[in-house]
Every structure is written in structure tokens, then in C-alpha cells.
Amino acid sequence: MITAMITLRSLLLSPAALLALAATAFASDIMVMDAKAPASLTPSAKTAAIYMVLMNHGMETDVLQGVSTPAADHASAHRTIDDNGVMKMREIEKLELNPHDTVTFAPGGNHIMLMGLKAPLKAGDTLPLVMTFAKAGEVKIDVQVVDKVDGSAAEHEHSE
Ligand SMILES: [Cu+2]
């Protein structure tokens, strides 16, 4: 009886929880959670950033080798570094995920950078993203476009 009640309760997910589930992709051992992109600030925006949490649930190290989306000409993983007080971005050529590693892409650190955006990102939209891993292969996710991601504005004022 108690078990039945717990099961029932766990089925009653809030809309927010359902959204979180929808944004979570399971593909082999790589799990992508909470993939989100802040909406473009101007209609002429050509760059955008995507944030997420990556986990490797496997027993072997995997490597993120590339990212792509039909929404932009170019996508790559970037890392923001503090070079004597000047924030600079570097492309992460190979992002290693060791077994049980969690890597967070968040403002001020790692992000997926889109360049040559084909249309400005609007809150409520979803953006398909393909992440290619050495072992897991192609991991396809839907990125939620949100109003804003705390701390992301300053980082993407650069124009590349
Ligand atoms: Cu960047």
C-alpha cells in the first residue's frame, strides 16, 4: 500500500520537473542535464552560449570531440580563462570525461559557443544540438532557450 502511494506521487511531476526531464538526454553512458541557452539580447546577435551539466556514468574515459547545430554555422566548446584580469576564451579541443566525472558548463567557465547564428534565440524555443563523443558517439539533445542565465551577459559581449 505504501509502495503504491509513493509510486503515484512520483508520477505527479510538476511542469518544471517535466521540463527538466525533457531537457535530459540519456545516451549510452553520457548524460546531459539542464542544457540551456540565454535568449539573444539583440535581433542581430550572431553568437550565443549554451550551458549544461555533463556526466559520464560509464567505466571508461570518454572525450567530447565536437558539437554542431543546424542553428549556427559553427559550434565549439569554449573555456573562459582569466589572463591577468582579462577574460579570454579558448576553444577546448578535447574535453575529457573520466568515469563518474561531472563537468559543468556555466557562465565564467565552460560553455558551448555558437557563431554565425542563423536567427536570434527566443525564450521558449528549443535548439537541437549534437555532441560527438569518442565512445558514446553522437549524443543529441534539445537545448531550452531561456530568458536569461545568471552571469552570462558579460561573458558574451565579445564579438568573434
Ligand atoms: Cu565563447
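A few notes on this one:
- Test: Lys88 is of a type in the set (Lys, Arg) and away from the ligand (no atom under 16 Å from the Cβ): no
- Here is the figure for segment 115-126: residues that are within 16 Å of the ligand (Cβ to nearest atom) and in a strand (DSSP E or B) total 3.
- For segment 76-90, the criterion of being within 14 Å of Phe133 (Cβ to Cβ) and part of a strand (DSSP E or B) is satisfied by at least one residue.
- Consider segment 37-57 and keep the residues that are surrounded by fewer than 18 Cβ atoms within 10 Å (Cβ to Cβ) and touching a strand residue (DSSP E or B) at 6+ places or on another chain (Cβ under 8 Å). The one that is farthest from Gly108 (Cα to Cα) is His57.
- Output for segment 41-51, where each listed residue is of a type outside the set (A, V, I, L, M, F, W, C) and either closer than 19 Å to Met89 by Cα or within 12 Å of the ligand (Cβ to nearest atom) (or both): Lys46, Thr47, Tyr51
- Top-ranked residue of segment 58-75 - restricted to ones that are assigned to a strand (DSSP E or B) and aliphatic (A, V, I, L, M), ranked as surrounded by the fewest Cβ atoms within 10 Å (Cβ to Cβ): Val63
- Residues of segment 137-160 satisfying the condition of being modelled with pLDDT under 95 and within 16 Å of the ligand (Cβ to nearest atom): Val149, Gly151, Ser152, Ala153, Ala154, Glu155, His156, Glu157, His158, Ser159, Glu160
- Residue tally, condition within 12 Å of the chain's Cα centre (by Cα) and within 11 Å of the ligand (Cβ to nearest atom), over segment 91-109: 2
- Checked against the criteria, Ile112 does not count as within 11 Å of the ligand (Cβ to nearest atom) and over 13 Å from the mean Cα position of the chain (by Cα).
The values are calculated or read from the model by the stated rules, or taken from the named source; none is laboratory data. Everything numeric here is computed off the predicted structure, so don't read it as measured data. Heads up, the Cβs are rebuilt from the backbone with ideal geometry, glycines too, and the neighbour counts pull from every protein chain shown.
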